[in-house]
Amino acid sequence: MISDSLKLKTISPFSSPLNIVLGIDHLSKSHHLFLQRLAQSNERFTNIHQDKPKKDYQDIEVDTRDIRLLMWASSEFPELRIHVFPNAVAIAEIDITVEGHLTAKAVGDMCSDKTEVMLADAYPQFFKDLRQACSFEKNDILTFDDSNTQIDIKWTARALTLEKSQLSQAGIDTFLKNWLKDTQRPEDAADIIAGLKTYSLTWLNYVLIDRCQQNEDPRISTMVLAQYYYCAQENCNSMLKDAIDNAYNGSDMSITEKKLAQSRVATRLHQIDFHEHLKYLNRFKRKLIHDILSSWDFEQMTANGQRMIEVCSSRLEEVDNKRRERSTVMTDLLLVTLSFFAVFELSLYLTEFSREVMSRPALDYHDDGRSFFLEFFANVDVDVMFTFGFGLTFALVVIYVLIKGK
């Protein structure tokens with residue numbers, strides 16, 4: 001517990017009603033120009049793409065590309081910034097000041113509560129602005145989900161920002177240990193007090209020493225980017241789980257195929273965008289995002305998504321094979337039916353033709369003598385021919401079943 005006021009920043013991913021259609025090249029020039037025009041359509045949108053360098057890797061200290069669609073900020077909520085990403089993900093970044101003698105747990109709970117209240121108040125205006133953004137010009141790039149009227153906060157991470165001078169305050173060491181005790185590296189508290197580290201970014205509770213005041217703090221922007229990639233992958237996995245549930249419990253496989261196709265493409269394109277975007281980060285941010293995502297087992301998460309694709313695909317293949325088997329059975333039955341009528345018709349035709357020739361000798365006047373076969377069939381009783389037709393058809397069916405079984 002410390003007596004001094006504390007400054008924190010919360011980072012909260014939530015579902016965004018704005019999305020971008022699958023397959024759009026986020027790094028293309030046309031997409032970049034579209035985002036510039038989009039940002040200029042509303043005063044609450046910040047044009048984060050206006051300073052794009054003419055050449056990639058021209059300045060190794062800054063990122064060459066930005067994967068965000070836009071950034072939303074309002075004068076009514078000066079502490080709030082919302083980063084809007086593809087894959088229907090938005091991340092709120094809120095500055096919060098906490099006063100009073102509070103424990104580490106109380107500070108974390110207070111930050112989460114304040115974040116929820118502020119986002120609940122700001123979301124209606126944010127929703128309205130994004131809806132207008134989809135109609136600012138005719139486009140086939142943006143999509144909007146009108147059903148997403150209520151904010152859905154995934155989680156809230158809290159970054160404690162301190163100056164070096166504050167590390168000498170009484171009780172700060174105990175506070176930091178309690179603040180980081182449930183993270184993946186609780187030993188970071190001792191390293192920060194000893195001056196060996198300037199940040200701890202592992203799991204939900206973070207610490208930043210001497211936050212950059214002029215531009216975006218690269219540690220915060222990297223964490224925002226890492227949370228976007230993690231949240232988007234989690235959304236893809238949720239879509240795949242829904243497809244699997246429909247594959248095993250649903251009755252309409254066409255819906256399952258549609259869901260699987262959409263979620264499979266979204267998952268693979270998300271992975272492509274992730275690895276492609278890493279090329280354009282500066283060295284510090286690239287290493288940091290690798291460290292963060294590694295601590296979150298991001299690779300195992302993406303691998304699990306691939307396993308879910310395989311499970312759903314194998315289920316669809318199984319259903320398709322059964323469907324093909326049923327189709328084959330129906331085809332076989334149809335062929336058997338047709339063969340029955342063909343054999344039956346052949347027996348009737350032989351009887352009819354042979355008797356007609358026997359009764360009208362002029363039909364075979366070119367022959368040297370009367371046909372033995374026609375005479376034979378002409379003398380066969382009709383019921384016998386019927387029986388012969390049935391028996392021959394049955395024999396063909398038995399032969400087919402024996403060959404099919406082998």
Determine the pairs where a residue that is closer than 18 Å to VAL382 by Cβ, located within segment 322-349, has a partner that is open to solvent by 100 Å² or more (accessible area, probe 1.4 Å) and in a helix (DSSP H, G or I) with Cβ atoms under 8 Å apart, the partner being 6 or more residues away or on another chain.
-> PHE344/PHE390; SER347/PHE388
Subset tally (residues that are open to solvent by 30 Å² or more (accessible area, probe 1.4 Å), in contact with a Ser or Thr (Cβ under 8 Å, 6 or more places away or on another chain) and over 30 Å from ARG268 (Cβ atoms)) for segment 192-236 | 2
SER168 vs. criteria closer than 22 Å to HIS83 by Cα and out of contact with any strand residue (DSSP E or B) (no Cβ under 8 Å at 6 or more places or on another chain) | no
Restricting attention to segment 125-138, does a residue exist that is surrounded by 14 or more Cβ atoms within 10 Å (Cβ to Cβ), of a type outside the set (Lys, Arg) and more than 28 Å from LEU35 (Cβ to Cβ)?
-> no
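A quick yes/no check of all residues on (1) among the aromatic types (Phe, Trp, Tyr); (2) within 26 Å of GLU234 (Cβ to Cβ); (3) out of contact with any helix residue (DSSP H, G or I) (no Cβ under 7 Å at 6 or more places or on another chain):
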residue	(1), (2), (3)
ASP109	no, yes, yes
ASP113	no, yes, yes
GLU116	no, yes, yes
LEU119	no, yes, yes
ILE141	no, yes, no
ASP145	no, yes, yes
ILE151	no, yes, no
SER165	no, no, yes
Matching entry among ASP188, ASP146, ASP182 (being modelled with pLDDT of 90 or more and farther than 25 Å from ASP113 by Cα) = ASP188
Scan segment 193-206 for residues that are more than 24 Å from PRO86 (Cα to Cα) and out of contact with any helix residue (DSSP H, G or I) (no Cβ under 6 Å at 6 or more places or on another chain) and jot them down.
-> ALA194, GLY195, LEU196, THR198, TYR206
Quick one: how many residues across segment 69-112 are more than 30 Å from ASP145 (Cβ to Cβ) and aromatic (Phe, Trp, Tyr)?
-> 0
Restricting the search to segment 349-366, which residues are open to solvent by 60 Å² or more (accessible area, probe 1.4 Å) and at pLDDT below 75?
-> GLU352, PHE353, ARG355, GLU356, SER359, ARG360, PRO361, ALA362, LEU363, TYR365, HIS366
Pair list, Cβ under 6 Å, 6 or more apart: segment 159-171 residue surrounded by 15 or more Cβ atoms within 10 Å (Cβ to Cβ), other residue at pLDDT below 90 | THR161/ARG211
In segment 292-305, is there at least one residue being farther than 27 Å from ASP63 by Cβ, assigned to a helix (DSSP H, G or I), in contact (Cβ under 8 Å) with a residue 60 or more places away in the chain and out of contact with any Leu (no Cβ under 6 Å at 6 or more places or on another chain)?
-> yes
Considering only segment 13-33, how many residues are within 26 Å of ASP146 (Cβ to Cβ) and either at pLDDT 85 or above or small (Gly, Ala, Ser) (or both)?
-> 9
Just give me the residues in segment 256-272 being open to solvent by 40 Å² or more (accessible area, probe 1.4 Å) and of a type in the set (Val, Ile, Thr), in sequence order.
-> VAL265, ILE272
Some residue of segment 84-94 being of a type in the set (D, E, K, R), in a helix (DSSP H, G or I) and touching a residue at least 24 places away in the same chain (Cβ under 8 Å) = no
Tell me, please, whether a residue that is part of a helix (DSSP H, G or I) and without any contact (Cβ under 8 Å) to a residue 40 or more places away in the chain can be found in segment 204-215.
-> no
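Tally time: how many residues in segment 273-317 are of a type in the set (D, E, K, R) and open to solvent by 80 Å² or more (accessible area, probe 1.4 Å)?
The number of residues fulfilling the criteria is 7.
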Based on what the data block shows, is GLU79 modelled with pLDDT of 90 or more and either open to solvent by 70 Å² or more (accessible area, probe 1.4 Å) or part of a loop (DSSP other than H, G, I, E, B) (or both)?
-> yes
Determine which member of the set LEU167, LEU240 is part of a helix (DSSP H, G or I) and closer than 29 Å to GLU299 by Cα.
-> LEU240
Among the candidates MET253, MET223, MET239, which residue alone is in contact (Cβ under 8 Å) with a residue 40 or more places away in the chain, hydrophobic (A, V, I, L, M, F, W, C), in contact with a helix residue (DSSP H, G or I) (Cβ under 7 Å, 6 or more places away or on another chain) and more than 30 Å from ASP173 (Cα to Cα)?
-> MET253
Taking segment 149-179, which residues are over 21 Å from THR115 (Cα atoms) and not polar (S, T, N, Q)?
-> GLU163, LYS164, LEU167, ALA170, GLY171, ILE172, ASP173, PHE175, LEU176, LYS177
Qualifying residues in segment 42-51 (those that are surrounded by 15 or more Cβ atoms within 10 Å (Cβ to Cβ) and modelled with pLDDT under 85) - the one farthest from SER74 (Cα to Cα) | HIS49
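The values are calculated or read from the model by the stated rules, or taken from the named source; none is laboratory data. This is a predicted model, so every value here is computed, not measured. Positions of Cβ are backbone-derived with ideal geometry, glycine not excepted, and every protein chain shown enters the neighbour counts. Heavy atoms of the whole protein, side chains included, go into the accessibility calculation; ligands, DNA and RNA do not. Shrake-Rupley method; radii C 1.70, N 1.55, O 1.52, S 1.80 Å.
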